[in-house]
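Report on one structure; see the data block that follows.
Laboratory data are not the source of any read-out in this text; all were calculated from the coordinates shown. This is a predicted model, so every value here is computed, not measured. In this analysis, Cβ positions are derived from the backbone assuming ideal geometry, glycine residues included, and neighbour counts consider all displayed protein chains.
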Amino acid sequence: MSHAIAVAIPEKVGELAVPTRDGEAKPSRLLRSLWRAAQRICIAAVVMLGAMAAANAACDQTTDSTSGVTINFTSVGQIYRLCLTVGAAAADDSVVYGVYSVAGTDAFYNAPIANSSGHSGSPLLTAADYSPTTSKATYTFHPTNPNQNGQSAKAGQAEIDITLNSKTGGGQDSITLYYTPGCSDFNVGCSGSSIANTPYTFTINLPSPTVTSISPTTGPLAGGTSVVITGTNFTGTTGAAGVKRAGPANSDSSLSGFSA
């Protein structure tokens with residue numbers, strides 16, 4: 001999402017003149033100072049808006065699904081921005097109202113995602129992050145509004161940012177949240193049951209190790225040459241998809257300390 005601003009600054013301030021002692025009309029020192037201050041403010045505004053535009057990242061995926069999505073991570077620490085479709089005709093209107101980590105959550109009294117104990121006497125209406133751990137990875141699900149498409153939810157979230165915090169395995173992972181078809185973000189309420197029991201599944205493809213270079217690429221037949229393998233996602237992956245060597249990887253992007 002980008003922002004632009006058009007600013008018109010006069011090149012001259014002769015029209016903002018006051019009489020001097022000799023009767024000649026000249027811009028006053030005060031008006032000149034104000035004009036220079038206005039220039040500085042306008043320049044600062046343009047710089048600030050440019051920084052805001054740079055900070056706003058695009059959606060990695062925009063969906064109106066009511067069953068779930070597939071997410072592809074390329075590295076640990078990556079934030080995947082899932083934008084939901086918002087509006088009266090949006091198929092995922094009930095999903096936008098709220099997805100929850102606990103099945104059976106009353107969506108009317110709980111803001112997404114990790115809240116579940118709110119009730120009529122004590123609602124929990126501040127959105128809460130959800131940080132699940134599976135056998136393969138740890139994540140943070142952060143509900144946010146508006147989304148990177150410029151759409152704003154009325155009651156729920158227009159975007160869910162998913163961070164891959166760490167991983168101990170590779171391949172595919174899965175997280176299931178829940179929503180209620182009886183609630184509508186557009187109508188800001190529930191006309192049917194407000195209990196979130198309908199599954200919404202995040203199918204997650206975890207990053208696998210990749211090799212980008214091997215150095216050196218040649219050596220004597222007798223062997224004994226030190227080798228450095230460079231790539232990505234060498235650490236934190238075990239099992240069939242993991243990196244095999246005598247010891248652990250030196251870093252996520254380098255394997256060394258052995259010979260061939």
Between T203 and V228, what's the calculated FRET efficiency when r is the beta-carbon distance and R0 is 35 Å? Round to 0.05.
0.50
Amide H of Y80: which non-local residues (sequence gap of 5 or more, or other chain) have their own amide H closer than 5 Å, using H built in the peptide plane?
I162, T163, L164
Expressed in nm to one decimal, what extension gain is obtained for the pair S122 and T138 from 0.36 nm per residue of sequence separation less their Cα-Cα distance?
2.7 nm
Amide H to amide H under 5 Å from G189: which residues, 5+ apart in sequence or cross-chain, H placed 1.01 Å off N in plane?
S184
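Give me the net charge for the shell around G87: Cβ to Cβ below 11 angstrom, other residues only, Lys and Arg +1, Asp and Glu -1.
Numbers: positive: K154; negative: D64, D92, D93, D185.
Around G87, the surrounding residues sum to -3.
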Expected output is a single nm value to one decimal: the length gained when fully extending between A89 and D64, i.e. 0.36 nm times separation in residues minus the C-alpha distance. What is it?
8.0 nm
With θ set to phi - 60° and the Karplus curve 6.51 cos²θ - 1.76 cosθ + 1.60, what are the ³J(HN,Hα) couplings of segment 154-161 in order, to the nearest whole Hz, using x for Gly and Pro?
8, 10, x, 10, 9, 8, 10, 9
Zone of T212 (label point 7 Å along Cα→Cβ, backbone N under 12 Å): which residues in segment 62-84?
none
Kirkwood Rh (inverse of mean 1/r, distinct Cα pairs), segment 80-227, angstrom
17.2 Å
